[in-house]
Amino acid sequence: MPAAFREVTMNQWDQIAFEYDPKSPFRRVWTKPSVLIKMFEDALDGCHEVLDVGCGAGCLAVPLAKKFEVHGLDFSKEMLNLAARRSGESDVKVNLNHGDSQAMPFDDNFFDGAYCKFALWPLKDPEKALREMIRVVRPGGRVVIMEVDRKKKYEGHKMSFKSKIFYSIYRIITRTLFGKKDTKKIWKALMAETESNPLVNLKMVKEFIEGLGCRILYYDTEIQEKTYTFIGKLISSEHEKYFLCVAKKGG
């Protein structure tokens, strides 16, 4: 990724970091965080030291740090700053690192496991990030990916009527009650910049990591059904499904 492009993109992620705040009350409106956390705890069974790739503001890293020694990696400094604050408030330690998931600053075979949650789709080369995840995990360790099972490119970033209503209300509340900026234009720019990125889906992930010597332990394509509230299911009914893929390095 060219340096100039990366700088512009990361500035945009910095500006929307507050939307990824683990303490945001809005997250519980459409998701069940405890169910999602349990999914990753189970996926990382047997691991001790793990890497959160694209850790963002720490929505997974902070709660998982109660059971694992967690290292977080992200290229957005504001996301990392927020993750540091939230881990301190939760009295847990997360080893936070500023870096690129497509060129990780870690030795080979360093972690017992590596996981990412919706951190591949923004990348120009998601396969490079997957390769890096496998590289830094020890033989026999876990590689865990959660992503949208995209079957086609975005078509003008169209939203359903229900989603438009929900996000309009969300933007009004965040602006008027919490004094947050309207991020609609930022998201529109991010989606335009990532429009030409390779499709990430379950088939692509399975085939790629199997080709690098990993064995698929299990996968789940009913993530929304299990982790979304009634409201979440309502506004996401027309969205593509999410998937969780859990693999073991070295077969």
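Tabulated data for the structure shown
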{"quantity": "Contact order relative to length of the stretch 36-140, as percent, for alpha carbon pairs under 8 angstrom and 6 or more apart", "calculated": "28"}
{"quantity": "In order through the stretch 185-192: 3J(HN,Hα) via Karplus (6.51 cos²θ - 1.76 cosθ + 1.60), integer Hz, x for Gly, Pro", "calculated": "5, 5, 5, 4, 5, 5, 5, 5"}
{"quantity": "Neighbour net charge for Ser34 - beta-carbon separation under 11 angstrom, K R +1, D E -1", "calculated": "+2"}
{"quantity": "Per-selection Rg to Rh, the stretch 10-89 - Cα, Kirkwood hydrodynamic radius", "calculated": "0.96"}
{"quantity": "Above-threshold pairs, the threshold being 26 Å between Cα atoms, out of Lys93/Lys206; Lys67/Lys226; Lys23/Lys117; Lys67/Lys188; Lys93/Lys124", "calculated": "Lys93/Lys206; Lys67/Lys188; Lys93/Lys124"}
{"quantity": "Cα convex hull volume per residue for the stretch 189-251 (Å³)", "calculated": "112"}
{"quantity": "Relative packing of 118-130, 94-106, which averages over residues the other C-beta atoms within 10 Å, highest first", "calculated": "118-130, 94-106"}
{"quantity": "Nitroxide proxy distance, nm - points 7 Å out along Cα→Cβ at Asp91 and Phe110", "calculated": "3.0"}
{"quantity": "Calculated log₁₀ intensity ratio I(q)/I(0) where the Debye formula runs over C-alpha points of the stretch 24-153, q = 0.17, 0.20 Å⁻¹", "calculated": "-0.88, -1.22"}
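Bear in mind that the values in this text are calculations on the coordinates, not laboratory data. Since the structure is predicted, the reported quantities are computational estimates derived from the model, not experimental observations. Positions of Cβ are backbone-derived with ideal geometry, glycine not excepted, and every protein chain shown enters the neighbour counts.
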